[in-house]
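The values are calculated or read from the model by the stated rules, or taken from the named source; none is laboratory data. As the structure is a prediction and not an experimental result, all values here were calculated from the model. We place every Cβ from the backbone using ideal geometry, glycine too, and count neighbours over all the protein chains shown.
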Amino acid sequence: MTAAKMLQDAKPPHIPEGASGMTVLIEWPPGDPGTPPHRHSGPAFGYVIEGEVRFELEGESERIVKAGETFWEPGGDVIHYQDGNARADVPCRFVVTMLCAPGRPMLTLVDEKELAERAHLRAPRPAN
């Protein structure tokens, strides 16, 4: 019996020479909306440890990633709209390993003007 279990197999874009990587633990209290819309300079791979994460990338429908599940995003020009706690009653925790393009910040917030210009690229919002 092996102790290794495949959780995710993704085909990321090319990773440039000189890229750096970091692994971070994110902890959101109940109901926390997470980081405002942003983008990463390189791909990011995540695993939810506890709770549920509301996850939305540009061009993809919003989804809930539950404890024990994974997510990934390509980075680059793609806007990451949501990564907050999907539940108002329990905290959530997730680990993300991110690869950073050389000489660029890992995370850049997206301003309201750009969000408006790219609104046509966002998937339809769920009806509440």
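At a glance:
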| quantity | calculated |
| --- | --- |
| Single residue of region 1-33 satisfying the filter (of a type in the set (S, T, N, Q) and more than 17 Å from R93 (Cα to Cα)) that is modelled with the highest pLDDT | S20 |
| Any hit, region 51-65, residues being buried (at least 18 other Cβ atoms within 10 Å of the Cβ), on the phi > 0 side of the Ramachandran plot and among the small types (G, A, S) | yes |
| Flag for L99 being touching a Ser or Thr at 6+ places or on another chain (Cβ under 8 Å) and of a type in the set (A, V, I, L, M, F, W, C) | yes |
| Residue check, T108 hydroxyl-bearing (S, T, Y) and farther than 14 Å from P37 by Cα | no |
| Cross-chain or 6+ apart pairs with Cβ under 9 Å, region 80-101 first and under 25 Å from R122 (Cα atoms) and modelled with pLDDT of 95 or more, then among the basic types (K, R) and in a loop (DSSP other than H, G, I, E, B) | Y81/R122 |
| Qualifying residues in region 108-117 (those that are exposed (fewer than 14 other Cβ atoms within 10 Å of the Cβ) and aliphatic (A, V, I, L, M)) - the one farthest from the chain's Cα centre (by Cα) | A116 |
| Hits in region 107-128 (condition: touching a residue at least 40 places away in the same chain (Cβ under 8 Å), within 25 Å of P43 (Cβ to Cβ) and part of a loop (DSSP other than H, G, I, E, B)) | V110, R118, R122, A123 |
| Residue in region 85-105 that is surrounded by 19 or more Cβ atoms within 10 Å (Cβ to Cβ) and either assigned to a loop (DSSP other than H, G, I, E, B) or on the phi > 0 side of the Ramachandran plot (or both) present | yes |
| Scan of region 76-99 for residues that are over 9 Å from the mean Cα position of the chain (by Cα) and closer than 27 Å to R118 by Cα, ordered by number | G76, D77, V78, I79, G84, N85, A86, T97, M98, L99 |
| Residues within region 23-68 that are assigned to a strand (DSSP E or B), over 17 Å from L107 (Cβ atoms) and either touching a Pro at 6+ places or on another chain (Cβ under 8 Å) or basic (K, R) (or both), tallied | 4 |
| Filtered residues of region 64-79 (kept if of a type in the set (D, E, K, R) and either touching a helix residue (DSSP H, G or I) at 6+ places or on another chain (Cβ under 6 Å) or at pLDDT 95 or above (or both)) | K66, E69 |
| Residue within region 38-59 that is modelled with pLDDT of 95 or more, over 30 Å from K5 (Cα atoms) and touching a strand residue (DSSP E or B) at 6+ places or on another chain (Cβ under 8 Å) present | yes |
